[in-house]
Amino acid sequence: MIRPRHRLSSSRLRVALRQFTVLALESSADDTCAAVVTSSRQILSNVVLRQNHVHEPFGGIHPYRAVQAHQRNMPIAVQTALKEAHMSAQDVDGIAFTRGPGMTGCLGVGSSAAKTLAAALNKPLVGVHHMQAHALTPILTCASNPPEFPFLTLLISGGHTLLLLATSTTLFRILATTRDESIGRVFDKVSRLLALPWSAKGPGASLEEFVAASPVEDNLAPSMPRTMPGLLGFSFTGLHSAVERFVTARGGAAVLDEAVKRAVADAFQRTAVNQLEEKVALALRWCQDRGYGVKHLVVSGGVASNSYLRNRYGQFQRQCYLDADCSRLGVSVLNAYSENSISLIFPPPELCTDNAAMIGWASMHRFIAGSTDDYGILIRPKWSIQDLMGDEIDETP
C-alpha cells in the first residue's frame, strides 16, 4: 500500500522550526552520496563514494556498472553518514533523495533506498530536483550573508549548462541552456581526445590539472571558434570539433608532444570559460532591461570546482563554508553590463560536485512546511527545473 503524504502535526512543526534533521541520498550519476544536514545549516556528515576506477576503462560512465556500484556503495554511504553524524537512523526527522534529472538506473537505486528507509523508519520523504539543489547550495554554505532573491545562477556540470533567474527556492526561469553538449561533457571528451589519465575527480578535472602542471606555450595552440557571439545560449560542440580536427590531423594523441597537448588543453579551457563569461554578461543585461534587481551571481555544479574558472573571476578567492565569510568578488566584465555591483558566490569546491548535503538542504523548506511526498513517488530522469514553477513562462529571451 502506498503511504499518503506526511503532514506535520502542530507539535512536530514546532520541533521542526527549532531543528529538523535530514538524511539525504544522491545517486544521479557516478557518485554514491549520503549526508546528514540540519535546518540550522549544519552539515553533520557528507559522504561521497566515487566510481572513477569503475568507469575509466570505458572512457566515461557505463550505465550498468554505475548501477552496480550504487547498489554496492549505498548501504556503506548511509551507514558512514550516520556514523560520522553520531546518529542512528531513528534520530533523523526525514529522508530526502535525488528524484531527477539523471541516469534512470542510478536514480532508481537512490529512490528505492530512500523510500525503503522512510517506510521502515516511519519518516516523511522528499524527492529533490538535482539542479535546484545545486542552485540553493550557497544558501546553506553562506549562512552569514546568503544570496538574495532574485539572483542569477550559472549551473555548469557534466549533464547541464544553464543560466537561471532564481526568484524563490522553487521558482527558476531558464535564460540560457546549451544547444548541444554540456560544458562538463565536452571537458571530459577533450580530455579523452588528448589521452589524459583520469584524476581522482574524473577526466574533466584531469584536463585542468594537466594545464596547471607546467607553463603553456601559446604559439603551439590551435585557434578556437567563438560560439554564437551576442546570443543568449551556449554551444560547445564547435570547441570539441576544433580539438578533434587538430589532434586527428597530427596523427592522434599518441604522437603529440606533451607541450602541444598542454597548449591545446589550455586553449580549449580558456575559450570555454570565455563563453561562460560572455553569456553571463548577456544574462545580466537581460535582467537589467526587464527590471530584475539582480545583485548576486551564483556559480555551482561540478565544473564550478574548476580552479581556473574560479580564479578568472577575481584575485581574492576565499572558501565560503558554513559560518565562514562568503566569497564575494567584484567582476569587471560583468559589472560593465549592470548599473549595480554584482557579488559572485562560489560554494566550496567539495559542494560544487555532486553531493548529498545539497539534496538535504534543498528538501528542508518542504519538510518544514509539511509538503512531503508519498512513498510511491516516481523518479524523473528528464525534468526541467522550470516544472517546479507551476506556471507557464510568459516570455523567453
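Among the conditions (1) out of contact with any Gly (no Cβ under 7 Å at 6 or more places or on another chain); (2) closer than 30 Å to His296 by Cα; (3) of a type outside the set (Asp, Glu), the only one that Gly251 does not satisfy is (2). The helices (runs of 4 or more DSSP H) located wholly in region 302-395 that include 2 or more residues which are among the charged types (D, E, K, R) and modelled with pLDDT of 80 or more occupy 307-312. For region 245-258, enumerate the residues that are open to solvent by 30 Å² or more (accessible area, probe 1.4 Å), assigned to a helix (DSSP H, G or I) and of a type outside the set (D, E, K, R). Scanning region 245-258 gives Thr248, Ala249, Ala254, Val255. Residues of region 226-262 that are of a type in the set (A, V, I, L, M, F, W, C) and under 27 Å from the mean Cα position of the chain (by Cα): Met228, Leu231, Leu232, Phe234, Phe236, Leu239, Ala242, Val243. Every residue in region 67-96 that is touching a Ser or Thr at 6+ places or on another chain (Cβ under 6 Å), open to solvent by less than 20 Å² (accessible area, probe 1.4 Å) and under 13 Å from Glu26 (Cα atoms), please. Result: His70, Met74, Ala77, Ala81, Ala96. Note on region 97-129: residues that are open to solvent by 10 Å² or more (accessible area, probe 1.4 Å) and either touching a strand residue (DSSP E or B) at 6+ places or on another chain (Cβ under 6 Å) or within 12 Å of Ala24 (Cβ to Cβ) (or both) total 4.
It is to be established whether one or more residues within region 290-301 are under 20 Å from the mean Cα position of the chain (by Cα) and either among the aromatic types (Phe, Trp, Tyr) or over 18 Å from Thr137 (Cβ atoms) (or both). No - not one qualifying residue is present in region 290-301. Close Cβ contacts (under 6 Å, 6 or more residues apart or on different chains) running from residues in region 172-200 that are touching a residue at least 24 places away in the same chain (Cβ under 8 Å) and of a type in the set (Val, Ile, Thr) to residues that are open to solvent by 10 Å² or more (accessible area, probe 1.4 Å) and in a helix (DSSP H, G or I) comprise Ile174/Gln386; Ile183/Val303; Val186/His240. When Ala242, Ala283, Ala263 are checked against the criterion of being part of a helix (DSSP H, G or I), crowded, with 18+ Cβ neighbours inside 10 Å, touching a residue at least 60 places away in the same chain (Cβ under 8 Å) and not charged (D, E, K, R), Ala283 stands alone in meeting it. Of the residues Ser28, Ser39, the single one that is in contact (Cβ under 8 Å) with a residue 40 or more places away in the chain, among the polar types (S, T, N, Q), in contact with a Ser or Thr (Cβ under 8 Å, 6 or more places away or on another chain) and open to solvent by 10 Å² or more (accessible area, probe 1.4 Å) is Ser39. Identify the residue in region 162-178 that is out of contact with any Phe, Trp or Tyr (no Cβ under 8 Å at 6 or more places or on another chain) and open to solvent by 10 Å² or more (accessible area, probe 1.4 Å) and, among all such residues, is nearest to Gly302 (Cα to Cα). Ranking the qualifying residues of region 162-178, first place goes to Leu162. Looking only at region 62-77, decide whether some residue is farther than 19 Å from Glu350 by Cβ and not in a helix (DSSP H, G or I). There is at least one residue in region 62-77 that is farther than 19 Å from Glu350 by Cβ and not in a helix (DSSP H, G or I). Only one of Glu208, Glu181, Glu217 is closer than 14 Å to Val303 by Cβ, open to solvent by 30 Å² or more (accessible area, probe 1.4 Å) and not small (Gly, Ala, Ser); which? Checking each option against the conditions leaves just Glu208.
The values are calculated or read from the model by the stated rules, or taken from the named source; none is laboratory data. Here the structure is a predicted model, which is why all the values come from computation and not from measurement. Note: ideal-geometry Cβ built from the backbone for every residue, glycine included; neighbour counts use all protein chains shown. Accessible surface areas use protein heavy atoms only, side chains included; no ligands, DNA or RNA. Shrake-Rupley method; radii C 1.70, N 1.55, O 1.52, S 1.80 Å.
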